[in-house]
Amino acid sequence: MKQLNLKFTWCKNTIINAVGNDIFTAIFTKKNGEQRKMVCRFVKDKGELAIGEHDRILTVLDMSLAKGAGNAFRRINLDTLKSIKHNSTLYNF
């Protein structure tokens, strides 16, 4: 597996361009301080680009909830994002 250690915080546009509509794994810290690993996918109509404080939030579809009933959309704060794994490449932040 290819591994890249990035010393800067990616912006929303960069992540969207990197993963497109593919499924990827994100590891991030939740608001309550817990670390979470989520298999997810960016959904263009739900994860639309925004300005201001929302520029640091990525709305994704949580694939573990996608087939069940209810809301499967989740938000990832890009300031707490630790890594993304996409197409056998691990991006560490």
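Could you look through the range 51-73, keep only residues that are exposed (fewer than 14 other Cβ atoms within 10 Å of the Cβ) and modelled with pLDDT of 80 or more, and pick out the one that is nearest to Ala26 (Cα to Cα)? Ranking the candidates gives Ser64 first.
Name the single residue that is modelled with the highest pLDDT among those in the range 11-28 being over 14 Å from Leu90 (Cα atoms) and open to solvent by less than 40 Å² (accessible area, probe 1.4 Å).
So in the range 11-28, the residues over 14 Å from Leu90 (Cα atoms) come out as 11-14, 16-17, 20-22.
Narrowing further to those that are open to solvent by less than 40 Å² (accessible area, probe 1.4 Å): 12, 16, 20.
Working: Lys12: 77, Ile16: 81, Gly20: 85.
Step by step, filter the range 11-28, then rank; the result is Gly20.
The values are calculated or read from the model by the stated rules, or taken from the named source; none is laboratory data. Model, not experiment: these values are computed from the prediction. A quick note on method: Cβ atoms are made from the backbone with ideal geometry, for glycine too, and the neighbour counts reach across all protein chains shown. Side chains included, ligands, DNA and RNA excluded: accessible areas come from the protein's heavy atoms. Shrake-Rupley method; radii C 1.70, N 1.55, O 1.52, S 1.80 Å.
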